[in-house]
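Just so it is clear, none of the values below were taken in a lab; they were calculated from the coordinates. Computed from a predicted structure; not experimentally measured. FYI the Cβ positions are ideal-geometry reconstructions off the backbone, even for glycines, and counts take in every protein chain you see.
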Amino acid sequence: MSPVASNLQIDSARLWGTIHETAKFGATPKGGVRRLTLGPEDKQVRDWFRRECEAAGLEVHVDALGSMFALRKGRDMSKPPIGLGSHLDTQPTGGKFDGVLGTLAALEVVRTLNDAGIETEIPICVVNWTNEEGSRFAPAMMASAAYVGDFTTDDILARKDADGVSVAEALDGIGYHGDKPVGFQKLSGFVELHIEQGPILEAEGKTIGVVDSGQGVLWYDGRITGFESHAGTTPMPLRRDALATLSEIVLAMESTARQHGPKAVGTIGEAVIANPSRNVIPGEIAFTVDCRSADTAILDALDAGLRAAIKEISTRRKVDVELDLVWRKPPTHFDQKLVNAVEEAAKKLGFSHRRITSGAGHDACNLNTKIPAAMVFVPCKDGVSHNELEDATQVDCSAGANVLMHTVLALAGVAS
Ligand code: HGY
Ligand code: MN
Ligand code: MN
């Protein structure tokens, strides 16, 4: 690799500037970002992203699920490009960095290669994946899951949000129902930069996480049917209280996850009481569950533990509980060649680093089931994410972007 390429550094101030520029699309008073997928703020950031990619000489295409592919030509266009990127949608109480860092660092890599006049041997492609977060439409990492064939495009287009709006309607609403079929853009590999969203790198003073694995995920939709009745006249022993039932289920799941800790986590993040009223005993509740582990046997144990607890609690309380598994993502073991390329880049650049398992799901986890993929982590403040306080430093973000760039250069090769 030429000395220019070998010593190439991204423009730290430019990357940092784009992160804060895009944070205004959905900015919240607490300094976070609320940019739900396929909503108006997502359209704003997508339009911005398209303009910036085109200004950097990239050819931007949009697929039928709205994922954006920005292609930078290489010397040998007969080979599928190396993909790099992440997502631009956020959680309702999201931050400035989750997904955004990886997508904008990918754009920064292109800008840096342009400035240095470097042509890669094989092309590279910057990707913004639709709906990584899974908050408005389930499942999470929806578009990359369809890209690898876990779901059909029609299945995903028909998914509806809590207001009954379908993915198709939402895509049409923001003008990102692309004309390219899902999977049109072949990729020979994918590398994703992301904040760790956990405490390990910061606690150990490490700059780079070389992600070699990722937790598996179980998502459930649940429905509790008890019996609405008068809060004042119904004796306690006669109640079939849906919220009291859910409360026991939450604590049972927490204790099951703790039994397998630290190799397991479990969360009930949503619970909606039908027709809530202060003086009516809750009769019906819809809820969702998220369980995770990097160990398949523990994932199965979490499923069994949850179902056993629900059976006991619902029988004792004479309440009906339905639990549907709506998404099962097996644990990820990233491609060793690409993981080694990330590690080599971190070493070459002199960054402290360690191998790490991702607690969060990422589009790279889906891609890795069909093409080689790997991830680069950088620390975030107090390990906090999916919270408006999410924060990271310019130095770490720039380090991550440089590792991303040198990993991609090693994989794509430098033609000139
Ligand atoms: O749920 C996840 O792990 C990701 O942040 N969507
Ligand atoms: Mn993310
Ligand atoms: Mn996230």
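The table that follows gives values for the structure above.
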quantity: From the options ASP154, ASP163, residue that is in a helix (DSSP H, G or I), over 17 Å from GLY99 (Cα atoms) and either more than 16 Å from ligand 1 (Cβ to nearest atom) or more than 18 Å from the chain's Cα centre (by Cα) (or both); calculated: ASP154
quantity: Identity of the residue in segment 97-125, within 16 Å of ligand 2 (Cβ to nearest atom) and farther than 15 Å from CYS365 by Cα, that ends up surrounded by the fewest Cβ atoms within 10 Å (Cβ to Cβ); calculated: PHE97
quantity: Identity of the residue in segment 310-335, among the aliphatic types (A, V, I, L, M) and in contact with a Ser or Thr (Cβ under 7 Å, 6 or more places away or on another chain), that ends up surrounded by the fewest Cβ atoms within 10 Å (Cβ to Cβ); calculated: ILE313
quantity: Complete set of residues in segment 166-215 that are of a type in the set (A, V, I, L, M) and outside any helix (DSSP H, G or I); calculated: VAL182, LEU187, VAL191, LEU193, ILE195, ILE208, VAL210, VAL211
quantity: Of the criteria (1) closer than 30 Å to LYS96 by Cα; (2) free of Cβ contacts under 8 Å to residues at least 40 places away in the same chain; (3) surrounded by 14 or more Cβ atoms within 10 Å (Cβ to Cβ), which one GLY209 fails; calculated: (2)
quantity: Matching option when the condition is β-branched (Val, Ile, Thr) and either under 28 Å from MET77 (Cβ atoms) or in a helix (DSSP H, G or I) (or both), among ILE356, ILE371; calculated: ILE371
quantity: Failed condition for GLY350, given (1) out of contact with any His (no Cβ under 9 Å at 6 or more places or on another chain); (2) in contact (Cβ under 8 Å) with a residue 40 or more places away in the chain; calculated: (2)
quantity: Qualifying position, being farther than 18 Å from ILE195 by Cβ, aliphatic (A, V, I, L, M) and away from ligand 2 (no atom under 14 Å from the Cβ), among ILE371, ILE356; calculated: ILE371
